[in-house]
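Let me begin by presenting the structure, written as structure tokens, before commenting on it.
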Amino acid sequence: RVGRELFEALFEGYTRKQWDHEPRELDALVTARIPVRADHDPRYFGDRYQALPSRGYARFVAVLLGHANIDVALGVDYFDERDFFDAQCA
């Protein structure tokens, strides 16, 4: 949709980082979600109302994860504990 030069400059590294796969390994629909416009609107979406967390995403996520109703489990492979987690969410 954007041509090789723009894809390599803007999307290729991000796609690898986001999906942990080479872009050619992903369905084209993954990158088709990225809006492409021919105007000078700096916003990601063309929505009338948009916002970013006022104190940044790191703070936003930290507050979410710090909530009393949120348990954080590090070093756990979801697929090894899938039955346990599925039972918790039932």
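Using the structure shown, decide if Phe60 is out of contact with any Gly (no Cβ under 9 Å at 6 or more places or on another chain) and at pLDDT 90 or above. Yes.
Would you say Arg55 is free of Cβ contacts under 8 Å to residues at least 12 places away in the same chain, surrounded by 10 or more Cβ atoms within 10 Å (Cβ to Cβ) and part of a loop (DSSP other than H, G, I, E, B)? Can you show your working first?
Details: free of Cβ contacts under 8 Å to residues at least 12 places away in the same chain: yes; surrounded by 10 or more Cβ atoms within 10 Å (Cβ to Cβ): yes; part of a loop (DSSP other than H, G, I, E, B): yes.
Against the criterion (free of Cβ contacts under 8 Å to residues at least 12 places away in the same chain, surrounded by 10 or more Cβ atoms within 10 Å (Cβ to Cβ) and part of a loop (DSSP other than H, G, I, E, B)), Arg55 qualifies.
Determine whether the stretch 26-49 contains at least one residue that is open to solvent by 90 Å² or more (accessible area, probe 1.4 Å), more than 30 Å from Gln88 (Cβ to Cβ), assigned to a loop (DSSP other than H, G, I, E, B) and of a type in the set (Ser, Thr, Tyr). Looking through the stretch 26-49, at least one residue is open to solvent by 90 Å² or more (accessible area, probe 1.4 Å), more than 30 Å from Gln88 (Cβ to Cβ), assigned to a loop (DSSP other than H, G, I, E, B) and of a type in the set (Ser, Thr, Tyr). Each residue in the stretch 27-63 was checked for being charged (D, E, K, R), over 18 Å from the mean Cα position of the chain (by Cα) and more than 24 Å from Glu12 (Cα to Cα), and 3 pass. Total residues in the stretch 66-85 satisfying the condition of being surrounded by 10 or more Cβ atoms within 10 Å (Cβ to Cβ) and of a type in the set (D, E, K, R): the figure is 2. Each residue in the stretch 2-25 was checked for being on the phi > 0 side of the Ramachandran plot and open to solvent by 90 Å² or more (accessible area, probe 1.4 Å), and 1 of them qualify.
The values are calculated or read from the model by the stated rules, or taken from the named source; none is laboratory data. No experiment lies behind these values; they were computed from the predicted model shown. Methodologically, a virtual Cβ is constructed for each residue, glycine included, from the backbone with ideal geometry; neighbour enumeration extends over all protein chains shown. We work out accessible area using only protein heavy atoms, side chains counted, and drop any ligands, DNA or RNA first. Shrake-Rupley method; radii C 1.70, N 1.55, O 1.52, S 1.80 Å.
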